[in-house]
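First comes the structure, then the notes that go with it.
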Amino acid sequence: MPIELTSTQLDLAEKLSQHSKDACELVDLKCQKCEPKNFYLTVHRYYGRVQGMTAEVDRCIDWCMSKGKMVFTAQRFGNWCQNKVKWDREEEIKKQEMAKLKTGTVYQQEDYARRMMPRG
């Protein structure tokens, strides 16, 4: 069964394509395979799961530059989104654990206080 994107998702793929080209040009990074069709699968997989995808393109490009990567691709951005979902989930679990400690038993509350106390 073929992947079908909504008009909103198609628009997002177009915006991601143009934004990545503009951002790469701004920082003198090669932008390869960054046509809208190259973003279709990433948009299909992560639409609604990764908030602010154009901002994430910027973060991915910053990461490429910091690691000495010379090329930005839609596939690299897809990998970035995959990691972003994982990082967001880990952060959510951490927040839930801290909330549980904060409102839990006396021992859990002491553990929370110990973790939140600044070291120095």
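Mind counting the residues in the range 54-81 that are aliphatic (A, V, I, L, M), surrounded by fewer than 21 Cβ atoms within 10 Å (Cβ to Cβ) and either touching a Ser or Thr at 6+ places or on another chain (Cβ under 7 Å) or in contact (Cβ under 8 Å) with a residue 24 or more places away in the chain (or both)?
3
When you check residue 17 against the structure, is it among the hydroxyl-bearing types (Ser, Thr, Tyr) and loosely packed, with under 14 Cβ neighbours inside 10 Å, yes or no?
Judged against the criteria, residue 17 is not a match.
If you check 39, 72, 77, which single one turns out to be aromatic (Phe, Trp, Tyr), at pLDDT 95 or above and not in a helix (DSSP H, G or I)?
72 is the lone residue from the list that is aromatic (Phe, Trp, Tyr), at pLDDT 95 or above and not in a helix (DSSP H, G or I).
The values are calculated or read from the model by the stated rules, or taken from the named source; none is laboratory data. Note that the structure is a prediction, hence the values are computed from the model and not measured. Cβ atoms come from the backbone with ideal geometry, glycine included; neighbour counts cover every protein chain shown.
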